[in-house]
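Trainee: I'd like to ask you about the structure that follows.
The values are calculated or read from the model by the stated rules, or taken from the named source; none is laboratory data. Since we're looking at a predicted model, the values are computed, not measured. Neighbour counts are summed over all protein chains in view; Cβ atoms, including those assigned to glycine, are modelled from backbone coordinates with ideal geometry. Note: accessible area is taken over every heavy atom of the protein model, side chains too, but ligands, DNA and RNA are not part of it. Shrake-Rupley method; radii C 1.70, N 1.55, O 1.52, S 1.80 Å.
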Amino acid sequence: MVVEEQAGRASFVPPAWQPLGGSALRITNVRAICTAPEGIRLVVVKVETSEDGLYGLGCATFTQRPLTVVTAVEEYLKPFLIGRDPSDIEDIWHAAQLSSYWRNGPVLNNALSGVDQALWDIKGKRAGLPVYELLGGRCREAAAAYVHANGRDPQEVADNVERYIEKGFRHVRCQVEVPGYAAYGVGRKDADSNAASAFYRLALDQARWEPRRYCAIVPKLFEELRHRFGAEVELLHDVHERVPPPMAVQLAKALESYQLFFLEDLFAPEDQEYLAMVRLHSSVPLAIGELHSGPHEYVPPIVGRLTDFIRAHVSTIGGITPARKLAALAEFFGIRTAWHGPADVSPVGHAANLQLDLSTPNFGVQEMYEFSDVLQEVFPGCPEIRDGSLWPNGLPGLGIDIDEDRAAEHPYPDHALNGSWPEIRRADGTVVRP
Ligand code: GCO
Ligand code: MG
């Protein structure tokens, strides 16, 4: 404490601020690693420290605009972070977030997440504990996961659901083709093929979309599925904000009797007020959140009990630090987590999701992606998938690594297609939400 004489009066001058972690460890480098083992652009951040061999990894994947995240990490966060004590996760998260003055949004939050998850990874490695132990310990052994079943018609979807049930899955998201239209989530794939190709095929389509026929087909899909499987399996569906709100309310009513586990993104975030309306008309459980990036978006639907599952893309809200608070907020409102876990979350991000799933009492389900051989080569330590669940490997930190030589063998495909998301247009040519 310094007391200075100023114009005859003693005034308090706080001492220069010092990192609080109290350790001699320092951040020495921050790098963004770009890799696309399956043609899907992933961004992983590596935070290196002054201790030989001690580093952390975090997911910063915003697949449609990855190079903007790389710039945010390497040009802005890196100089901000070098020299800080990596122990100070909470303080670093806030200081870094505020360092751009304007905050939130998918670019800055993904960059922040890359750093945040890497700091949790480092803390776990230093403690010799998996991150879920640092978050309060496990509430369950493994995280129930859901897979995606698609098909050209309800029968084909049902055949694919059956294959997943045989593999031990108890939660399946079901999407069906709408003949002649670019229906969300439907590619040329079945339970045995590579989901990445379907993700990519969707990206290359430029097809049309009309919601009316889709809304007529979806209840038929679930009628077929309940007829075939009874109550044996939990069924999920993603509307992907493709339907005008009043028609979406009708769809929620029509689906009520099929007892879905959840109906996802019935409305766009911009139309969130309709959530209160649909609650009056249908008891179908709702899931939202993958498009949210800041608290002003995800706090109101939780506090208003307007959703049943919160599905944030953990890197797009800024990493484990905000996600664990979001989960705790949701717990007080009886809302469960279902973190976004598609192909455009890196295996590091999936490993981070799992740490949260295991330690969150109000966990609901985890969307999962079947890690291909090439992904497992680039990312040693991917969570194990067994009996329809994701299992941790018990290693300290996030339990996952990256083989940078292998990662470098899979450079990004070009960005000629405006990132990787398609234009979807109504029959009259009007562009609509993806
Ligand atoms: C889901 C999602 C994804 C997104 C994709 C966007 O619920 O799994 O809707 O498939 O569309 O992650 O890049
Ligand atoms: Mg979705």
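Trainee: Can you pull out the residues in segment 37-61 that are open to solvent by less than 10 Å² (accessible area, probe 1.4 Å) and of a type in the set (A, V, I, L, M, F, W, C)?
Mentor: Selection gives Ile40, Leu42, Val43, Val44, Val45, Val47, Leu57, Cys59, Ala60.
Trainee: Please go through segment 257-275 and pick out each residue that is more than 22 Å from Thr337 (Cβ to Cβ) and either touching a residue at least 24 places away in the same chain (Cβ under 8 Å) or under 16 Å from the mean Cα position of the chain (by Cα) (or both).
Mentor: Within segment 257-275, Tyr258, Asp271, Tyr274 qualify.
Trainee: Does segment 367-374 contain any residue that is surrounded by fewer than 16 Cβ atoms within 10 Å (Cβ to Cβ), touching a Pro at 6+ places or on another chain (Cβ under 8 Å), modelled with pLDDT of 95 or more and of a type in the set (A, V, I, L, M, F, W, C)?
Mentor: Checking segment 367-374: at least one residue is surrounded by fewer than 16 Cβ atoms within 10 Å (Cβ to Cβ), touching a Pro at 6+ places or on another chain (Cβ under 8 Å), modelled with pLDDT of 95 or more and of a type in the set (A, V, I, L, M, F, W, C).
Trainee: Keeping to segment 152-184, report how many residues are open to solvent by less than 30 Å² (accessible area, probe 1.4 Å) and modelled with pLDDT under 95.
Mentor: 3
Each row is one residue, and each column tells you yes or no for (1) within 16 Å of ligand 2 (Cβ to nearest atom); (2) touching a strand residue (DSSP E or B) at 6+ places or on another chain (Cβ under 8 Å); (3) hydrophobic (A, V, I, L, M, F, W, C); (4) closer than 12 Å to Ser113 by Cα.
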position	(1), (2), (3), (4)
Phe12	no, yes, yes, no
Trp17	no, no, yes, no
Gly21	no, no, no, no
Asn29	no, yes, no, no
Ile33	no, yes, yes, no
Val69	no, yes, yes, yes
Tyr76	no, no, no, no
Gln97	no, no, no, yes
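Trainee: Which condition breaks for Arg311 when tested against (1) in contact with a His (Cβ under 6 Å, 6 or more places away or on another chain); (2) more than 23 Å from Gly136 (Cα to Cα)?
Mentor: The single condition Arg311 does not satisfy is (2).
Trainee: Hey, any hits in segment 185-197 for a residue that's at pLDDT 95 or above, buried (at least 22 other Cβ atoms within 10 Å of the Cβ) and in a helix (DSSP H, G or I)?
Mentor: Scanning segment 185-197 turns up no residue that is at pLDDT 95 or above, buried (at least 22 other Cβ atoms within 10 Å of the Cβ) and in a helix (DSSP H, G or I).
Trainee: Considering segment 319-339 alone, what residues qualify as being open to solvent by 20 Å² or more (accessible area, probe 1.4 Å) and either away from ligand 1 (no atom under 16 Å from the Cβ) or within 10 Å of the chain's Cα centre (by Cα) (or both)?
Mentor: Those that are open to solvent by 20 Å² or more (accessible area, probe 1.4 Å) and either away from ligand 1 (no atom under 16 Å from the Cβ) or within 10 Å of the chain's Cα centre (by Cα) (or both): Arg324, Lys325, Ala328, Leu329, Glu331, Phe332, Phe333, Gly334.
Trainee: Residues of segment 397-410 being open to solvent by 10 Å² or more (accessible area, probe 1.4 Å), within 22 Å of the chain's Cα centre (by Cα) and of a type outside the set (A, V, I, L, M, F, W, C), which ones?
Mentor: Asp401
Trainee: Report yes if His350 is under 23 Å from Leu235 (Cα atoms), in contact (Cβ under 8 Å) with a residue 24 or more places away in the chain and in a helix (DSSP H, G or I), otherwise no.
Mentor: It is true that His350 is under 23 Å from Leu235 (Cα atoms), in contact (Cβ under 8 Å) with a residue 24 or more places away in the chain and in a helix (DSSP H, G or I).
Trainee: Also, I was wondering about something else. Within segment 352-372, is there a residue that is under 23 Å from Asn104 (Cα atoms) and of a type in the set (A, V, I, L, M)?
Mentor: Yes; the residues of segment 352-372 include at least one that is under 23 Å from Asn104 (Cα atoms) and of a type in the set (A, V, I, L, M).
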